[in-house]
Amino acid sequence: MAGWLIREYTQDDLEAVIRVDTESGTTGEPPLFQLSDAVAALQAAHPAVVAVSGDEVVGAAVGRVEGDRAWLLRICMAPAWRHMGMGSALVTALEDRLLASGVRAVHAVLPEGETGATALLNCGYEAREGLVFFERRGPVTAEAIGLLSSLGAELPPGGLWQKVAGMRREKEIIERRLVLPLAHPELASQHGVEPPRAVMLFGPPGTGKSTFAHAIASRLGWPFLELFPARLAAEYGLAAGLSRRFDEIGRLDHVLVFIDEVEEVAAARSGADPTSVGVVNELLKAIVRFRGQDGRLLVCATNNVTILDPAFLRHGRFDYVLPIGPPDRVARVALWESYLAKAGAEADGEALADASEGFTPADIAHAGRTVSQAQFERTFDTGTRSRPTTADYLATIRTTQPTVSPAMTQEFTEQTERFARL
């Protein structure tokens, strides 16, 4: 009898899998995929299995599906369970799940002689000679994984920056002002440029501020941690919760911290409300501490920059105050063409961009999804593939209420003139 069982991974197994992985290595060579990659795959519910003996996790195999291919990110076992066939059992179980999901090829790269290599050979995998492995590692360390998990941080998948369709002007500003100095701090230092520590994004709802925050983290390869004031208030009291969370963040090497609707904790202080004054004061002190460390970026977002406390936006706290407004025509064309490509539609993106003036990216996404859902239902009902036309999209655009009204657009223009700091 083997003495273990193979079962599906559950989120409750995360800490045990990290522990087993830490114990599993035998060569001392770093693996191709960092532990952070495996954790991200687990959090995103990619196929994974664990071996358990009683209630104890003693082995794991983690995969990541990429189209019709998959990678074996981890094959790990507790030392006492090596050389008992567990590796082959884990590989076989994970492979069954990967192939069942439509994967046509499964790849694995391990240091020579590492735990799992024999299992792969036993399961029929072929070792390819003559390949040269090139690598450029990201900044997330294995030691930070446990803390990131406890704080509710996520590791955004790569490529989010490239998936931000349209918004070319905003992307260029963010790329040059934020990403480049943070990604190349030594080169920035040679030119007397201090990498930014905090940025404020403002603009009407639905214009993509949260999307940009996630994409920046993905572009940098940094963990993304969103702070939820209501949750902190319920757990510790808001002022104490902010102080506690920023102290915990200070233990990380790299992180992008995001606070959406920051006006909830940084609205203009009123002497009649001592609680509000205390919260803003604590947040201002936390930002000073945050700015004193390298390898981190605070991104705050608000729909209305005018209601923030004046001290909050002073120079020395936020390096940039960037407007994120409704997409212009060029950006709308790019957004529509992105959705048309996903839907396999032969529609006129230029005409749709003209008809959707004033739409935010969220509005365009809503209209695109509405048409796709209608075509899906029509295909299901008729048994014949239905492809959306320009007329289908135009009809949906006419019934879609834009998020941003003309009055909001005018307010945004005025706020940009008064507050933007590029």
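Applying the criterion of being among the polar types (S, T, N, Q) and assigned to a helix (DSSP H, G or I) to the residues of segment 368-394, the residue that is nearest to L352 (Cα to Cα) is T390. For beta carbons closer than 6 Å, sequence separation of 6+ or different chains, a first residue in segment 98-111 that is closer than 14 Å to P31 by Cβ and a second that is of a type in the set (D, E, K, R), the qualifying pairs are P111/E29. For the residues A311, A345, A351, A331, the requirement of being among the aliphatic types (A, V, I, L, M) and closer than 20 Å to S243 by Cβ singles out A311.
Quick check on my filter: what residues within segment 304-359 are touching a strand residue (DSSP E or B) at 6+ places or on another chain (Cβ under 7 Å) and assigned to a loop (DSSP other than H, G, I, E, B)?
So the first thing to find is which residues in segment 304-359 are touching a strand residue (DSSP E or B) at 6+ places or on another chain (Cβ under 7 Å), and the list is 305, 307-309, 313, 317-324.
Passing the criteria: D309, R317, F318, D319, I324.
Using the structure shown, decide if V91 is under 15 Å from V49 (Cβ atoms) and crowded, with 23+ Cβ neighbours inside 10 Å. Yes.
Here are T370, T379: which of them is β-branched (V, I, T) and over 28 Å from the mean Cα position of the chain (by Cα)? Full working, then the answer.
On the way: T370 fails: over 28 Å from the mean Cα position of the chain (by Cα).
So the residue among T370, T379 that is β-branched (V, I, T) and over 28 Å from the mean Cα position of the chain (by Cα) is T379.
Across segment 265-283, a minimum of one residue is classified as free of Cβ contacts under 8 Å to residues at least 60 places away in the same chain, small (G, A, S) and within 30 Å of R176 (Cβ to Cβ). Evaluated against (1) surrounded by fewer than 24 Cβ atoms within 10 Å (Cβ to Cβ); (2) more than 19 Å from V109 (Cβ to Cβ); (3) touching a residue at least 24 places away in the same chain (Cβ under 8 Å), D37 falls short on exactly one condition, (2). At least 2 residues being farther than 20 Å from Q11 by Cβ and either in the same structural domain as P31 (by TED's automatic domain parsing) or touching an Asp or Glu at 6+ places or on another chain (Cβ under 9 Å) (or both) is the threshold, and among the strands (runs of 3 or more DSSP E) wholly inside segment 47-131 those reaching it are 69-77, 105-107.
Which residue is farthest from L297 (Cα to Cα), if the candidates are limited to segment 172-216 and must be touching a strand residue (DSSP E or B) at 6+ places or on another chain (Cβ under 7 Å) and in a loop (DSSP other than H, G, I, E, B)? So the residue we want is G203.
Okay, residues lined up against (1) more than 28 Å from A165 (Cα to Cα); (2) of a type in the set (A, V, I, L, M, F, W, C):
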{"site": "A215", "(1), (2)": "no, yes"}
{"site": "F228", "(1), (2)": "no, yes"}
{"site": "V279", "(1), (2)": "yes, yes"}
{"site": "A286", "(1), (2)": "yes, yes"}
{"site": "R289", "(1), (2)": "yes, no"}
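Only one residue in D21, D12 is in contact with a Cys (Cβ under 6 Å, 6 or more places away or on another chain), in a helix (DSSP H, G or I) and not polar (S, T, N, Q), so which one is that? Steps first, please.
Working: D12 fails: in contact with a Cys (Cβ under 6 Å, 6 or more places away or on another chain).
Answer to the check: D21.
Taking segment 396-422 as the range and being in a helix (DSSP H, G or I), of a type outside the set (D, E) and surrounded by 14 or more Cβ atoms within 10 Å (Cβ to Cβ) as the test, the residues that pass are T396, I397, M408, T409, F412, Q415, T416, F419. Under the condition of being under 27 Å from L182 (Cβ atoms) and basic (K, R), which residue from segment 308-337 is modelled with the lowest pLDDT? Result: R314.
Exactly one residue out of R219, R231 is part of a helix (DSSP H, G or I), assigned by TED's automatic domain parsing to the domain that holds S276 and surrounded by 19 or more Cβ atoms within 10 Å (Cβ to Cβ), and it is R219. Among the residues of segment 8-20 satisfying the criterion of being within 12 Å of A48 (Cβ to Cβ) and either acidic (D, E) or outside the structural domain of G59 (by TED's automatic domain parsing) (or both), which is surrounded by the fewest Cβ atoms within 10 Å (Cβ to Cβ)? Among those that are within 12 Å of A48 (Cβ to Cβ) and either acidic (D, E) or outside the structural domain of G59 (by TED's automatic domain parsing) (or both), it is E8.
Restricting attention to segment 234-253, the residues that are over 23 Å from the mean Cα position of the chain (by Cα) and exposed (fewer than 15 other Cβ atoms within 10 Å of the Cβ) total 3. Here A117 clears all of (1) loosely packed, with under 15 Cβ neighbours inside 10 Å; (2) free of Cβ contacts under 8 Å to residues at least 12 places away in the same chain except the condition numbered (1).
The values are calculated or read from the model by the stated rules, or taken from the named source; none is laboratory data. The structure presented is a predicted model; accordingly, all values stated were derived computationally and were not measured. So basically every Cβ, Gly included, is an ideal-geometry build from the backbone, and we count neighbours across all protein chains shown.
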